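Input: a single structure, listed below in structure tokens.
The values are calculated or read from the model by the stated rules, or taken from the named source; none is laboratory data. Just so you know, these numbers come straight off a predicted model, no measurement behind them. Every residue, glycine as well, gets a Cβ built from its backbone with ideal geometry; the counts of neighbours run over all protein chains shown. Note: areas computed on protein heavy atoms with side chains; ligands, DNA, RNA excluded. Shrake-Rupley method; radii C 1.70, N 1.55, O 1.52, S 1.80 Å.
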Amino acid sequence: MLSLPALVQTCDDPEHYQPMSKHSRAIPLRARRSGPLTGAVRPPGDKSISHRSLMLGALAIGETTVEGLLEGEDVLATAAAMRAFGATVTRTGDGAWSVKGLGVGGLLEPEGIIDYGNAGTGVRLAMGIAGSHAFAATFTGDASLVGRPMGRVFDPLRRMGVQVLARSGDRLPATLRGPDMPVPIEYRLPVASAQVKSAVLLAGLNVPGTTTVIEPVPTRDHTERMLYAFGAAIETETGADGARVIRLEGRTDLKPQKIVVPGDPSSAAFPIIAAVIVEGSDVTVANVLMNPTRFGLVETLIEMGADIAIENRRKVGGEDIGDVRVKGGRLKGMAVPAERAPSMIDEYPALAIAAAFAEGDTRFDGIGELRVKESDRIASVVAGLTANGIAVEEGPESIVIHGASRVAGGGTVTTHLDHRIAMSFLVLGMASDEPVTVDDGAPIATSFPEFRAMMTGLGADIAEADLG
Ligand code: S3P
């Protein structure tokens, strides 16, 4: 019988952080209408790249260093997990991180249960890694994570020979036992998911022969880029039908790297949208990753008429980076093309806030995947907008938002342990007539611990609220 572990919370000490899936105190927060937001900020390091840096570092032989790592709870959970697998993960004096890896196939059987807290990306990728090691590893998470579908990762891993014992079908907690001789697979992704693609590729690292992933709809490509940089035998081509075919030759050594993590475009979304909707604002969000598989939000805002300029374009570690300068102004509603969804999948809650202030209707289509994020984000967004006086229509895989030049606000939003719902609705409160309250801002620490200080520094008014 699987059971949840007793855990210690040491959040003030990022180097020794352990997730705590029985949740601590909720922190209600309230945002009030603010004057123009001004200044320059740097968003925290990209969450996707941060997870992968620690993981590939653990699988390389020698020391990988990581500068600009996101020290949010999700990534710290990956640091703890890699340590549980035997890698040495430390924070060095200058705020960088060092990972001493054990080599492909060299991880050790973890002693305890691996608690991934709120981190869907972390746990899915780590299960891929564990799956091709001939040992047992048990994974769990918080109330949000144990409600999210894991079958999408269990299915391909089972085809590789991994035994999966999950408490209820395709949910965590689950114990994975890797086979002595995993078999390579060719896997066509049934959902557009970088996490599933990455779990299969990371498993494939320790599988003899060629693991192939076919991606009918391209998703973020950080795993492929980073595997290539670490010296993996990986190649990508576009098939006749436009699908991406990724082939990885397993059991080749990875070489340690010096990684510089660029700013997270998904976190940058919040100061960007805040500056767009608060009249008179002029904000520069510096050092933002502009990888085309991640930049759909800025493209969409520009099409909606936002005053956005990309300055100081440069390359860091093979990725395009830029400073995004945003000025407040009026937007026009639009139908966001469904095929753009993978390049802005995490940004719909924030974009919904911009759409609330746009002239006319904004449609989001093809966003069914939003129902299985940290919360059902279609339901959370619709409930939050409705509670604040915005007219909205919900479909199974779509949202239509009827924009207005003024938004009443005054509502209290349930965040359902979802950091992006909390941040999005706090941004709404910066431009609505009445303040907006979120019932729990604690999950913001999973991806953007400095959110409140950064937004306040730009002129926003966010304070703890008493819900009585
Ligand atoms: C991520 C992939 C996306 C995204 C998540 C991060 C990644 O999830 O929503 O926040 O780092 O691979 P899906 O792969 O489930 O779409």
For this session: Starting from the Cα of LYS327, draw a straight line to each of the aspartates and glutamates and keep only those under 14 Å, dropping any in the same chain fewer than 8 residues away.
Result: GLU279, ASP282, ASP307, GLU311
Exercise. How far is it, in nm, from the label point at ASP170 to the one at ASP155 when both lie 7 Å from their Cα along the line to the Cβ?
Worked result: 0.6 nm
Problem set entry | Cβ crowding within 10 Å averaged over residues, with 277-290, 391-404 ranked highest first | 277-290, 391-404
Problem set entry | Alpha carbon centroid spacing (whole Å) that separates segment 201-280 from segment 357-386 | 26 Å
Exercise. Once amide H atoms are placed 1.01 Å from N in the peptide plane, what residues at a sequence separation of 5 or more from GLU434, or on another chain, have their amide H within under 5 Å of its amide H?
Worked result: GLY409, GLY410
Exercise. Among the lysines, which have Cα under 19 Å from the Cα of LYS315 when same-chain residues fewer than 8 positions away are ignored?
Worked result: LYS47, LYS258
Problem set entry | Alpha carbon centroid spacing (whole Å) that separates segment 402-427 from segment 303-343 | 22 Å
Seminar exercise, completed: DSSP beta bridges in the chain: the antiparallel percent, rounded to 5, is 75 percent
For this session: Read phi for every residue in segment 93-103 and hand back ³J(HN,Hα) as whole Hz from Karplus 6.51 cos²θ - 1.76 cosθ + 1.60, θ = phi - 60°, with x for Gly and Pro.
Result: x, 8, x, 7, 10, 10, 10, 9, x, 10, x
Seminar exercise, completed: So for R0 = 35 Å, FRET eff. of GLN163-ALA335 from the Cβ-Cβ r, to 0.05, ends up at 0.15
Exercise. If you place +1 on the Cβ of every Lys and Arg, -1 on the Cβ of every Asp and Glu, and leave all else neutral, what size is the dipole of the chain about its Cα centre, to the nearest 20 Debye?
Worked result: 580 debye
Exercise. Carbon and sulfur together cover what percent of the accessible area of the chain at a 1.4 Å probe radius?
Worked result: 50 percent
Seminar exercise, completed: With R₀ set to 60 angstrom, the calculated FRET efficiency between the beta-carbons of ARG406 and ASP180, to the nearest 0.05, is 0.40
Problem set entry | Separation in nanometres of the label points that stand 7 Å from Cα toward Cβ, at VAL217 and ALA453 | 3.8 nm
For this session: With a probe of 1.4 Å, find how much accessible area segment 260-350 has per residue, and write the answer as a whole number in Å².
Result: 32 Å²
For this session: Quick one: which residues, 5+ away or cross-chain, put their amide H under 5 Å from the amide H of THR88? H built at 1.01 Å from N.
Result: LYS100
Problem set entry | Considering only segment 47-260, percent of DSSP beta bridges that pair antiparallel, nearest 5 | 80 percent
